[in-house]
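The structure appears below as structure tokens.
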Amino acid sequence: MTESGDQFAGTSARSTKHNPRVDEELEHEVQGLLKGERSTRSEEWREVEPSAEGDPDVDAVPNGTLVGGTPVGMDADAVEARAELARWLDRADFPATGPDLVQAALDHRAPDAVVAEFGRLPEGETYERIGDVVRALGYPTET
């Protein structure tokens, strides 16, 4: 993509990997998956292989625990709370004050509970990273 000065290269000036016909074919290919909430492949070999009998189910948090993933000084709830708060912010949002983080969360369409958490931050403080934010909110942090 080529940009000159402050001009943004329009779609016709950009290079793409394929043409509009292929875009439409790809879109049509996933419509059944999106609308039917099931696989649309007719060839069995293209299906994702299920877990074998006796193997544990694949889960992001097996049995609701974060085995081996909880830092010293934190519990699983604090890890999940920190991850949820961090999920709605970018690196570009820091350094920031409490109101800045509330606005950033709103800009990223964060849930009301997350915006409310950022709203609890004391005014006048500047936060450099998410760790500073969770400490200010009273969550335990790693030691």
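Would you confirm, using the coordinates I've provided, whether Val114 is among the β-branched types (Val, Ile, Thr) and in contact with a Phe, Trp or Tyr (Cβ under 6 Å, 6 or more places away or on another chain)? Here the answer is yes, as Val114 does meet what is asked. Scanning region 119-143 for residues that are in contact with a Gly (Cβ under 7 Å, 6 or more places away or on another chain), open to solvent by less than 60 Å² (accessible area, probe 1.4 Å) and among the β-branched types (Val, Ile, Thr) yields a single hit, Thr141. Scanning region 95-118 for residues that are open to solvent by 40 Å² or more (accessible area, probe 1.4 Å), within 21 Å of Glu80 (Cβ to Cβ) and not in a helix (DSSP H, G or I) yields His108, Arg109, Pro111.
The values are calculated or read from the model by the stated rules, or taken from the named source; none is laboratory data. Keep in mind that what you see is a predicted model, and the values were worked out from it rather than measured. Here Cβ is always computed from backbone atoms with ideal geometry, including for glycine, and neighbour counts include all displayed protein chains. Accessible surface is based on the protein model in full, side chains and every heavy atom, while ligands, DNA and RNA are left aside. Shrake-Rupley method; radii C 1.70, N 1.55, O 1.52, S 1.80 Å.
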